[in-house]
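**Student:** Take this structure first; my questions come after.
The values are calculated or read from the model by the stated rules, or taken from the named source; none is laboratory data. Because the structure is predicted, anything quoted here is derived from the model rather than measured. All Cβ positions, even for glycine, are placed from backbone atoms using ideal geometry, and neighbour counts span all protein chains on display. Side chains included, ligands, DNA and RNA excluded: accessible areas come from the protein's heavy atoms. Shrake-Rupley method; radii C 1.70, N 1.55, O 1.52, S 1.80 Å.
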Amino acid sequence: MDTEQLYVEDSYLREFDAAVVRAGPRFVVLDRTAFYPEGGGQPTDHGTLEAGGEKHNVVKVMRRGQQIFHYLDGDIPEGTTVHGVIDWERRYGFMRLHSGEHLLTGLFEAAGSGPKVFSSFSQLDFKPSPLDEETMQGVRRRFDEIVDTDVPVRIYYVDRDQLDVGGDERKQSFLEKMPPDVERLRMVQIGEHALTFCMGTHVKRTGEIGRLRNLRLEPKKKRRKIVYFEL
Ligand SMILES: [Zn+2]
């Protein structure tokens, strides 16, 4: 039985009820879950599953095919009804950083600073790129302006064969790695500033991301660059 992914439609859902449809030593698969499994650059959620007055810690969540496995510090038998609670402070921090990374990427793309090859919650790696301090300052100013104007983050779906990544190598390689059965892509759009496909969890408005506390450029060999950021 597939796990219904409640976080896809509502990334603000913190608690839910579900049934255990598969169980093993220190893991369960649920019929539905709000726990985000690690993937797409976003780490696993933590939290608890409560069953019959007993609370178990969820220490790791992973997706295998269409099922989502919750790894626990104890056992819960198949057929049990559980109440799940997400560690919200952890998740909300990831949502802010991840949404901030989309916005930063969009702003660097708009500044023509060359394709990114790797990104995480704290850094963006660029291939040989003309990126300089002046561009950095411009991106930093734009980022904070967009945070202050509280732009909505829009989620919508497109058919895979209708998506045009416009020669962006990084998006093209993501697209190629996606399983062939994924026919519809979930798009994340931040005003005019950022657009990409992503299955992760995002905040609803840029005001929630918060201003940049730090944005720092580190030149590497052969004109490669790393940009570090903090919110
Ligand atoms: Zn995303």
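**Student:** What whole-number value in Å² describes the accessible area per residue of the chain for a 1.4 Å probe?
**Tutor:** 52 Å²
**Student:** With +1 on each Lys and Arg Cβ and -1 on each Asp and Glu Cβ, how big is the dipole of segment 59-191 about its Cα centre, in debye rounded to the nearest 20?
**Tutor:** 180 debye
**Student:** What accessible area, in Å² to the nearest ten, does a 1.4 Å probe give for ASP164?
**Tutor:** Solvent-accessible area, nearest 10 Å²: 130 Å².
**Student:** Another question about this same structure. State the percentage of accessible surface on segment 106-231 attributable to carbon and sulfur atoms; use a 1.4 Å probe and exclude ligands, DNA and RNA.
**Tutor:** Exposed carbon and sulfur together represent 50 percent of the surface.
**Student:** Here's something else I'd like to know. Between LYS220 and GLU176, what's the calculated FRET efficiency when r is the beta-carbon distance and R0 is 41 Å? Round to 0.05.
**Tutor:** The calculated FRET efficiency here is 0.95.
**Student:** If each DSSP helix of 4+ residues adds -39,500 (n - 2.57) and the sum is divided by the residues in the chain, what number results at 222 nm, nearest 500 deg cm²/dmol?
**Tutor:** -7000 deg cm²/dmol
**Student:** Take the solvent-accessible surface of the protein heavy atoms, probe 1.4 Å, and return the percent of it on segment 48-89 that carbon and sulfur atoms account for.
**Tutor:** Ligands and nucleic acids excluded, carbon and sulfur give 46 percent.
**Student:** Treat every Asp and Glu Cβ in the chain as -1 and every Lys and Arg Cβ as +1, leave all other atoms uncharged, and give the resulting dipole magnitude about the Cα centre to the nearest 20 debye.
**Tutor:** Around 1020 debye, computed over the chain.
**Student:** Using the Cα centre of segment 99-218 as origin and beta-carbon charges of +1 (Lys, Arg) and -1 (Asp, Glu), tell me which of SER173, PHE197, PRO130 is placed farthest towards the positive end of the dipole.
**Tutor:** My answer, from the dipole projection, is PHE197.
**Student:** Further, regarding this structure: Starting from the coordinates of the alpha-carbon atoms of the chain, obtain the Kirkwood hydrodynamic radius over all distinct pairs and give the value in Å to one decimal.
**Tutor:** By the Kirkwood definition, the hydrodynamic radius is 19.0 Å.
**Student:** Toward the positive end of the charge dipole of the chain, about the Cα centre and with charges on Cβ (Lys, Arg +1; Asp, Glu -1), which of VAL58, VAL29, ILE146 goes farthest?
**Tutor:** ILE146
**Student:** Could you tell me which GluC sites (Glu not before Pro) in segment 165-198 are loop residues by DSSP with no more than 11 other beta carbons within 10 angstrom of their beta carbon?
**Tutor:** Hits after loop and neighbour filter: GLU183, GLU192.
**Student:** Solvent-accessible area of GLU15, probe 1.4 Å, all protein chains present, reported in Å² to the nearest ten, please.
**Tutor:** Roll a 1.4 Å probe over it and GLU15 shows about 100 Å².
**Student:** Just read off the accessible area of VAL147 with the full protein assembly in place, 1.4 Å probe, to the nearest 10 Å².
**Tutor:** Estimated to the nearest 10 Å², VAL147 gives 10 Å².
**Student:** Using only Cα atoms, tell me the angle between helix 88-110 and the longest principal axis of the chain; keep it within 0 to 90° and round to the nearest 10.
**Tutor:** So the inclination is approximately 30 degrees.
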